[in-house]
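> Starting off with a structure, shown below.
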Amino acid sequence: EHMKDPQVVSTRSDESEVRTAERVKQCLYYVEGTKKISLLMGILKTQIKAGEEDGGRTMIFVNTKRMGEKLECWLVGNDLKCGYLSGDVPQNKRMKVLEAFQKGEMPILIATDVAGRGLHIDGVTHVINYDMPEDSHDYVHRIGRTARAGEEGDAITFVDETGAYDLEAVE
């Protein structure tokens, strides 16, 4: 009798209903492109720097290799310990950077989406989308680097003149 009335059971959500991590506090800053670095420095030196004693870690996502390199120079120039990963960073350097980040020796990691894929690092307390991701799935992936294993985390997104075009899809 039951064979004539099958039930569909699925453990995967519909692709159109992508959900973000429940324990991630998300906030958004509308900022002029030329003022993004000032805003980032203010955030890093206040709320995030205060959490460093607790072993907090921050991941900053950028859309291009060039922007990642510029950010790394700015942060190092402001005495902030950071590392940078893009798709073309050699494997041995990549492993050293990830190890230092995991141990908390380097509390800030800048990454492109390619480099950020598949990273499972405990203790990431903040994710900053310096550049608005062009795809909503990338947004979900990025902010999923924090609030892992029942922890809480903050996701901060900067929306400038260019990023505004991609905002609706992410919202």
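> Restricting the first residue to the stretch 89-106 and requiring it to be more than 16 Å from V127 (Cα to Cα) and touching a residue at least 12 places away in the same chain (Cβ under 8 Å), which pairs with a second residue that is of a type in the set (K, R) and surrounded by fewer than 16 Cβ atoms within 10 Å (Cβ to Cβ) meet a Cβ separation below 8 Å and a spacing of at least six or different chains?
Going by the 8 Å Cβ cut-off, the qualifying pairs are E105/K81.
> When only residues in the stretch 77-125 that are of a type in the set (K, R) and assigned to a loop (DSSP other than H, G, I, E, B) count, which is nearest to G144 (Cα to Cα)? Give the steps one after another, and end with the answer.
First pass over the stretch 77-125, keeping only residues of a type in the set (K, R): 81, 93-94, 96, 103, 117.
With assigned to a loop (DSSP other than H, G, I, E, B) added as a condition, the list becomes 81, 117.
Working: K81: 23, R117: 11 Å.
Here the residue is R117.
> In the stretch 126-157, what count of residues is obtained for those that are open to solvent by 40 Å² or more (accessible area, probe 1.4 Å) and assigned to a loop (DSSP other than H, G, I, E, B)?
7
> I'd like to verify a number: residues in the stretch 87-114 that are of a type in the set (S, T, N, Q) and closer than 14 Å to E72 by Cβ, how many?
First, pick out the residues of the stretch 87-114 that are of a type in the set (S, T, N, Q): 91-92, 102, 112.
Restricting the remaining residues to those that are closer than 14 Å to E72 by Cβ gives 112.
Total meeting the criteria: 1.
> In the stretch 67-111, what residues are of a type in the set (V, I, T) and either open to solvent by 20 Å² or more (accessible area, probe 1.4 Å) or touching a Pro at 6+ places or on another chain (Cβ under 9 Å) (or both)? Explain how you work it out, then say what you get.
Of the stretch 67-111, the ones of a type in the set (V, I, T) are 76, 89, 97, 108, 110.
Listed by number, the residues that qualify are V76, V89.
> Sticking with this structure for a sec: Quick one: is K49 over 18 Å from L119 (Cβ atoms) and modelled with pLDDT of 95 or more? Walk me through how you get there before you give the answer.
Values: over 18 Å from L119 (Cβ atoms): yes; modelled with pLDDT of 95 or more: no.
Criteria not met by K49.
> Any idea which of (1) within 14 Å of V62 (Cβ to Cβ); (2) within 14 Å of the chain's Cα centre (by Cα); (3) not in a helix (DSSP H, G or I) is the one T162 doesn't satisfy?
(2)
> Another one. Taking the condition of being hydrophobic (A, V, I, L, M, F, W, C) and more than 15 Å from L85 (Cα to Cα), how many residues in the stretch 99-126 meet it? Before the answer, list the steps.
Of the stretch 99-126, the ones hydrophobic (A, V, I, L, M, F, W, C) are 100-101, 106, 108-111, 114-115, 119, 121, 124.
If we keep only those that are more than 15 Å from L85 (Cα to Cα) too, we end up with 124.
Looking only at that region, the number is 1.
> Just the residues that are of a type outside the set (D, E), touching a residue at least 24 places away in the same chain (Cβ under 8 Å) and open to solvent by 20 Å² or more (accessible area, probe 1.4 Å), please, taken from the stretch 112-125. Even if it seems obvious, please write down each step before you answer.
To start, the set of residues in the stretch 112-125 that are of a type outside the set (D, E) comprises 112, 114-121, 123-125.
So of that shortlist, the ones also touching a residue at least 24 places away in the same chain (Cβ under 8 Å) come out as 112, 114-117, 119-121, 123-125.
Selection gives V114, R117, H120, G123, T125.
> Against the condition modelled with pLDDT of 95 or more and in a helix (DSSP H, G or I), how does L44 come out, does it pass? Spell out how you get there, then give the answer.
On the way: modelled with pLDDT of 95 or more: no; in a helix (DSSP H, G or I): yes.
For L44, the condition - modelled with pLDDT of 95 or more and in a helix (DSSP H, G or I) - is not met.
> Can you pull out every residue in the stretch 101-129 that is of a type in the set (V, I, T), modelled with pLDDT under 90 and under 16 Å from D88 (Cα atoms)?
Of the residues in the stretch 101-129, the ones of a type in the set (V, I, T) are 108, 110, 112, 114, 121, 124-125, 127-128.
If we keep only those that are modelled with pLDDT under 90 as well, we get 114, 121, 124-125.
Result: V114, single match.
The values are calculated or read from the model by the stated rules, or taken from the named source; none is laboratory data. Note that the coordinates shown come from a computational prediction; the quantities given were computed from them, not determined experimentally. Don't worry about glycine lacking a Cβ; one is built from the backbone with ideal geometry, like all the others, and counts go over all protein chains shown. Remember, those area values only see protein heavy atoms, side chains included, never the ligands or the DNA or RNA. Shrake-Rupley method; radii C 1.70, N 1.55, O 1.52, S 1.80 Å.
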